[in-house]
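See below for the structure under consideration.
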Amino acid sequence: MLRRDDVIEALRLRYDHFSALAVLEAALARAGLADQPVLDAPAAAQLRGALHQVGDRLGAVDARLDELSGGGAGAGKPAEAPAKPVAEPAAKPAAAEPAKPAPSPVKAAASEAAKPAPAPEAEHEPQGKAKHAHEPQGKAKHAHEPQGKAKHAHDAKHAHGASAVTLVLTGIEPDAGAHVLACGAGPLLGDWDPAHAVALHRDGKAWTATLDAPPGAELAFKFLVRKPDGTLTWEDGDDRHAHAGDRVEATWRRAPA
């Protein structure tokens, strides 16, 4: 017998608490077990098959569920369960509260780059030079203008609102007809259901998308590719995190050879 709390405990070996809740709710909905707080052996095996459809890299989770169910290694584990979720229609799981990760280093870097250069010291000098500090000429004028990437980050932020999240992904060249997606916790990113993920668009050698996140929102997500035949390939590594107003510049993460 397995309780919902046992499954959440096992999923915490792979995800943070809020992402574990979202994955469990999606798997229960897919297996038709949403109203069962305690699962017998057949229902537990059915749930574990659904977990492998909506989650990824669940080896440690399976081992913990074997221990909790008391059946030893491999007990109740579904045979030939797919390592990645398939793109079949599924009921959208209940929205989960976004994870609260540590502040993103990308946000700090973007914020520092977007700060305008300080006004020249001549602005505080009396007479003479102080007059030129207030004139929109020469260096005094350009000191207040954003430069290079900082200018584009500043313009993009104001074009979509202070809470917009911009995703920029490089390092991937998918097959013709394939789609690059971002999927994660919360309805904005599809509640970890690839059928409701956000599509990125080609921009030169990069793939980009802009999300209208609520002010103060904190997002957990990963990138994936959906081939024309529906096959899904998730990037390797842990979940990515972003805050409202971030510009996330990322590189596709491949599994080690």
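The values are calculated or read from the model by the stated rules, or taken from the named source; none is laboratory data. Computed from a prediction, not measured in an experiment: that's the story for all the values here. Don't worry about glycine lacking a Cβ; one is built from the backbone with ideal geometry, like all the others, and counts go over all protein chains shown.
How many residues are modelled with pLDDT under 95 and aliphatic (A, V, I, L, M) when one looks only at the range 196-210?
0
Here is a check on your reading of the model: is Leu219 buried (at least 22 other Cβ atoms within 10 Å of the Cβ) and either of a type outside the set (Asp, Glu) or in contact with an Asp or Glu (Cβ under 7 Å, 6 or more places away or on another chain) (or both)?
Yes.
For (1) closer than 18 Å to Trp252 by Cα; (2) under 13 Å from the mean Cα position of the chain (by Cα); (3) not assigned by TED's automatic domain parsing to the domain that holds Glu25, each residue gets a yes or a no:
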position: Ile172; (1), (2), (3): yes, no, yes
position: Gly177; (1), (2), (3): no, no, yes
position: Ala182; (1), (2), (3): yes, yes, yes
position: Gly190; (1), (2), (3): no, yes, yes
position: Thr208; (1), (2), (3): yes, no, yes
position: Leu224; (1), (2), (3): yes, yes, yes
position: Gly237; (1), (2), (3): yes, yes, yes
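Working only within the range 233-249, note down all residues that are assigned to a strand (DSSP E or B) and surrounded by 20 or more Cβ atoms within 10 Å (Cβ to Cβ).
Of everything in the range 233-249, those that are assigned to a strand (DSSP E or B) and surrounded by 20 or more Cβ atoms within 10 Å (Cβ to Cβ) turn out to be Trp234, Arg240, His241, Ala242, His243, Arg247, Val248.
On the basis of being touching a residue at least 24 places away in the same chain (Cβ under 8 Å), acidic (Asp, Glu) and in contact with a Gly (Cβ under 9 Å, 6 or more places away or on another chain), does Asp175 make the cut?
No.
Look through Pro103, Pro82, Pro98 and report the one residue that is modelled with pLDDT under 50, exposed (fewer than 14 other Cβ atoms within 10 Å of the Cβ), in a loop (DSSP other than H, G, I, E, B) and under 17 Å from the mean Cα position of the chain (by Cα).
Pro103
Looking only at residues in the range 211-245 that are in contact with a Leu (Cβ under 9 Å, 6 or more places away or on another chain) and among the β-branched types (Val, Ile, Thr), which one is nearest to His201 (Cα to Cα)?
Val225
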